[in-house]
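Let me begin by presenting the structure, written as structure tokens, before commenting on it.
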Amino acid sequence: MFQIIFNELSAAEISALPKKLQLELLAEFQILPEDLDQLDSERFGMIQRKGKKLYRYRAKDYRIYFAKTDEGVRVHRVLHKNTFRDFLFRSKLPLSEDAQLSETREFWKLIEQGEKTRRA
């Protein structure tokens, strides 16, 4: 069975959104294991650092950051697109969005915060 599991932090982030928007984002976040084998660059991105692989899914004005697990996927963060876009615009780095994020310590801190708040 393929499961989508939200950690405590990502669950809080999506819960803070209006109910209608939550439903729209979740309806759009339709993924299958084979989607992760051949990423559709319109919807997905991949971020790697030190052997750790995260995926980014674009849903409306939000980015859903998640990792593949044996059971399905674990969602680490649900963030508005401007969270990183503003940073990337200010830094003016000549790399793709995902490549820039993979090199950014602040991004990995956000992900680690989510990992530390795993549900029991």
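Worth a mention:
- For segment 1-56, filtering for residues that are among the basic types (Lys, Arg) and either touching a His at 6+ places or on another chain (Cβ under 8 Å) or modelled with pLDDT of 90 or more (or both) leaves 2.
- Segment 8-47: number of residues that are closer than 19 Å to Asp70 by Cβ and touching a Ser or Thr at 6+ places or on another chain (Cβ under 6 Å): 0
The values are calculated or read from the model by the stated rules, or taken from the named source; none is laboratory data. Bear in mind the structure is a predicted one, so any value in this text is a computation, not a measurement. Neighbour counts are summed over all protein chains in view; Cβ atoms, including those assigned to glycine, are modelled from backbone coordinates with ideal geometry.
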